[in-house]
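For reference, the structure is listed below as structure tokens.
Quick note: the coordinates plus some simple rules give every number you see, no bench work behind them. Quick caveat: nothing in here was measured; it's all calculated off a predicted structure. For neighbour counting, all protein chains shown are included, and Cβ atoms are generated from backbone atoms with ideal geometry for every residue, glycine included.
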Amino acid sequence: MICGLLVLGLIGYGVMTMGSRQEAASTNMLSGKVIAKKFTPAPQEEISFGSKGLKASRTAGEYLLEVRVPSESGRTFRVPVDTRTYEAARIGDQQTFLRPKSEQLPGS
């Protein structure tokens, strides 16, 4: 009986702790409106070695979305994205992204 209550207490503590961490993580997510799309040509070839052997990938350059975030006093962020996201995004669309690592709030 006592062992069961102890296990139940530990589970409750774990749920509460995970909930507080989720709150901190969500504050590092920002959302705003795409105001510009920028592409900087810089062809690169990346070769990586893994368990399945060599893998080569090519990128045409750097894809950036400029996103204005009202909750950050209208600040504009330059958000690096992959090719698919860049091509799908339109000026005026909503974009959600992770706050830059140098500005992330503690606990996440």
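Would you tally the residues in region 59-89 being assigned to a helix (DSSP H, G or I), hydrophobic (A, V, I, L, M, F, W, C) and in contact (Cβ under 8 Å) with a residue 40 or more places away in the chain?
Number satisfying all stated conditions: 0.
Out of Arg99, Arg58, report the one residue that is among the basic types (Lys, Arg) and either closer than 20 Å to Ser31 by Cα or surrounded by 12 or more Cβ atoms within 10 Å (Cβ to Cβ) (or both).
Arg99
Restricting region 70-85 to residues that are within 17 Å of Lys33 (Cα to Cα) and under 15 Å from the mean Cα position of the chain (by Cα), which is surrounded by the most Cβ atoms within 10 Å (Cβ to Cβ)?
Across region 70-85, the extreme among qualifying residues is Val79.
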